[in-house]
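A.B. asks: The following block contains the structure, expressed as structure tokens.
The values are calculated or read from the model by the stated rules, or taken from the named source; none is laboratory data. The structure displayed is predicted, hence computed values, not measured ones. Note that we place each Cβ from the backbone using ideal geometry, even for glycine, and neighbour counts take in every protein chain shown. Only protein heavy atoms, including side chains, enter the accessible area calculation; ligands, DNA and RNA are left aside. Shrake-Rupley method; radii C 1.70, N 1.55, O 1.52, S 1.80 Å.
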Amino acid sequence: MASIILQRIRCSGTISVRAVHYTNPRVRSHAAVLQHARALHIFRDVPSLRAHRRELLANGKSVGLVPTMGALHEGHLSLARQAAAENSEIFVSIYVNPTQFGVNEDLDSYPKTWNEDIAMLNELDEELKESGQGRITTIFAPTTKTMYPTLPPDSTLPGTGSFVTITPLANLLEGKSRPVFFRGVATVCMKLFNIVEPERVYFGQKDVQQTVIIKRMVKDFHLNTEVRVGATKREPDGLAMSSRNVYLGERRRKVGIVLSQALRAAAAAHKMGKRDRDEILALAWDVANRMSMEQDELAETERARFEVDYLSLADPDSLEEVQSVDESKGAVLSGAIKMMPLEAVRDGEKLGMGGDKGPVRLIDNIILEPSKV
Ligand SMILES: Nc1ncnc2c1ncn2[C@@H]1O[C@H](COP(=O)(O)OP(=O)(O)OP(=O)(O)O)[C@@H](O)[C@H]1O
Ligand SMILES: CC(C)(CO)[C@@H](O)C(=O)[O-]
Ligand code: BAL
């Protein structure tokens, strides 16, 4: 049952909606704000969006695009706030892009929270209205037929279709475990940038490799947009916010902070003056190994096991591993862990979406800034 009844205001390839009625407790708290919300324009196809964009251009408006896959959280909103400080119009795209999911990944179960997403964007827009900054005016939520008009989206390798590949960047780090991931990301972002023609695009630091790849794509293809990167938003205990965190029940959620703790330990070593790769990463491995051993010693009904995919110290532009931190460039300290499915579940235990039955990949990073001379 829909938690919000979306009131259609105008229709012509676009749908303009505002939320008017609430039944889901998760969004009921937004009600007071949204009763007065202005219409958001929601576009599902390209011609209507382009016509809207042309009108904005003619009126001297600037557009900042925040690409997302929906299931919005404070990380996404922080990007929209950043966009509002620099553009008059904020476009948010919501599209779960099939080509960036490997064939065994979670495309089918990826969280979808459309009504809540629209409510959150409306609420943020009310806040922006008060601050006199740019406004969230437009949602682009295309169908897959719109985004992949010729051949169906292909997630296999080599695969068929029109793709953008940014190598060797796409083959490193995340790309080693997710071989089609960055081909899919670069391809869909190229499409989004061509459709929206934004002055600026906004990406989160949490997905650091994605930011490096998008910057490279913009440079190498002479795309006429500026790439902005927003800081990683975290839960109070340090876990990086992520749409996929909903897969983590209470037990896996607690252990999942090990990644941010490990990276923080390594960053602290850098801050204390260490520059050597092994010395810096050893601190991160110590944290991860300790947590892993603690979990091993617990009963199956108590533990949450994880595997470290990588802990990396890399050059900020090439993302190649470095032996020591170059003071003039700094480095990217990053990691990925796989939270394993729970082996046994207790009665009444708080589980995540999907019952903690599938593995969940968590990523995080810290930028080691170059020293100012
Ligand atoms: N914690 C965060 N802080 C800042 N930006 C974020 C954060 N999480 C995601 N983003 C950014 O939001 C944009 C859209 O990301 P996406 O919709 O995939 O959300 P996500 O939380 O990263 O989901 P997923 O769990 O699939 O990785 C990306 O640019 C991403 O880097
Ligand atoms: C940039 C993006 C929206 C492309 O699908 C996605 O990779 C994401 O949400 O980070
Ligand atoms: N935030 C990156 C999207 C993905 O992991 O598929």
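A.B. asks: Which of the following residues is without any contact (Cβ under 8 Å) to a residue 12 or more places away in the chain and of a type in the set (Ser, Thr, Tyr): Thr167, Thr150? Give the steps one after another, and end with the answer.
C.D. replies: Values: Thr150 fails: without any contact (Cβ under 8 Å) to a residue 12 or more places away in the chain.
Step by step, each of Thr167, Thr150 is checked, and only Thr167 is without any contact (Cβ under 8 Å) to a residue 12 or more places away in the chain and of a type in the set (Ser, Thr, Tyr).
A.B. asks: Right, here's the next one. In segment 55-69, is there at least one residue being surrounded by 16 or more Cβ atoms within 10 Å (Cβ to Cβ), assigned to a helix (DSSP H, G or I) and either hydroxyl-bearing (Ser, Thr, Tyr) or within 16 Å of ligand 3 (Cβ to nearest atom) (or both)?
C.D. replies: no
A.B. asks: If you don't mind, another one. Farther than 23 Å from Leu49 by Cα and of a type outside the set (Lys, Arg): does that describe Leu192? Before you say what the answer is, go through the steps one by one.
C.D. replies: Working: farther than 23 Å from Leu49 by Cα: no; of a type outside the set (Lys, Arg): yes.
It is false that Leu192 is farther than 23 Å from Leu49 by Cα and of a type outside the set (Lys, Arg).
A.B. asks: Which number in (1) outside the structural domain of Pro47 (by TED's automatic domain parsing); (2) away from ligand 3 (no atom under 16 Å from the Cβ); (3) open to solvent by less than 50 Å² (accessible area, probe 1.4 Å) marks the one condition that Arg253 misses?
C.D. replies: Failed condition: (3).
A.B. asks: Follow-up question, since we're still on this one. From the list Leu368, Leu342, Leu351, which one is among the hydrophobic types (A, V, I, L, M, F, W, C) and either farther than 29 Å from Leu107 by Cα or open to solvent by less than 10 Å² (accessible area, probe 1.4 Å) (or both)?
C.D. replies: Every option except Leu368 fails the conditions.
A.B. asks: Now, a different point. On the given criteria, is Val227 within 16 Å of ligand 2 (Cβ to nearest atom), more than 11 Å from the chain's Cα centre (by Cα) and not basic (Lys, Arg)?
C.D. replies: Values: within 16 Å of ligand 2 (Cβ to nearest atom): yes; more than 11 Å from the chain's Cα centre (by Cα): yes; not basic (Lys, Arg): yes.
Yes: the conditions hold for Val227.
A.B. asks: Then there is this: Can you confirm whether segment 326-333 contains a residue that is within 16 Å of ligand 1 (Cβ to nearest atom) and not polar (S, T, N, Q)? Give the derivation first.
C.D. replies: First, the residues of segment 326-333 that are within 16 Å of ligand 1 (Cβ to nearest atom): 332.
If we keep only those that are not polar (S, T, N, Q) too, we end up with 332.
Yes, some residue in segment 326-333 is within 16 Å of ligand 1 (Cβ to nearest atom) and not polar (S, T, N, Q).
A.B. asks: So which residues in segment 218-246 are within 15 Å of ligand 3 (Cβ to nearest atom) and assigned to a helix (DSSP H, G or I), if there are any at all?
C.D. replies: Ser243, Arg244, Asn245, Val246
A.B. asks: Can you pull out the residues in segment 191-243 that are without any contact (Cβ under 8 Å) to a residue 40 or more places away in the chain, within 14 Å of ligand 1 (Cβ to nearest atom), closer than 22 Å to Gln100 by Cα and open to solvent by 40 Å² or more (accessible area, probe 1.4 Å)?
C.D. replies: Lys215, Val229 - these are the residues of segment 191-243 that are without any contact (Cβ under 8 Å) to a residue 40 or more places away in the chain, within 14 Å of ligand 1 (Cβ to nearest atom), closer than 22 Å to Gln100 by Cα and open to solvent by 40 Å² or more (accessible area, probe 1.4 Å).
A.B. asks: Taking segment 151-182 as the region of interest, how many residues are of a type in the set (A, V, I, L, M, F, W, C) and within 14 Å of ligand 2 (Cβ to nearest atom)? So that I can check it myself, show each step before the final result.
C.D. replies: First, the residues of segment 151-182 that are of a type in the set (A, V, I, L, M, F, W, C): 151, 157, 163-164, 166, 169-170, 172-173, 180-182.
Those left that are additionally within 14 Å of ligand 2 (Cβ to nearest atom): 163-164, 166, 170, 180-182.
The qualifying residues number 7.
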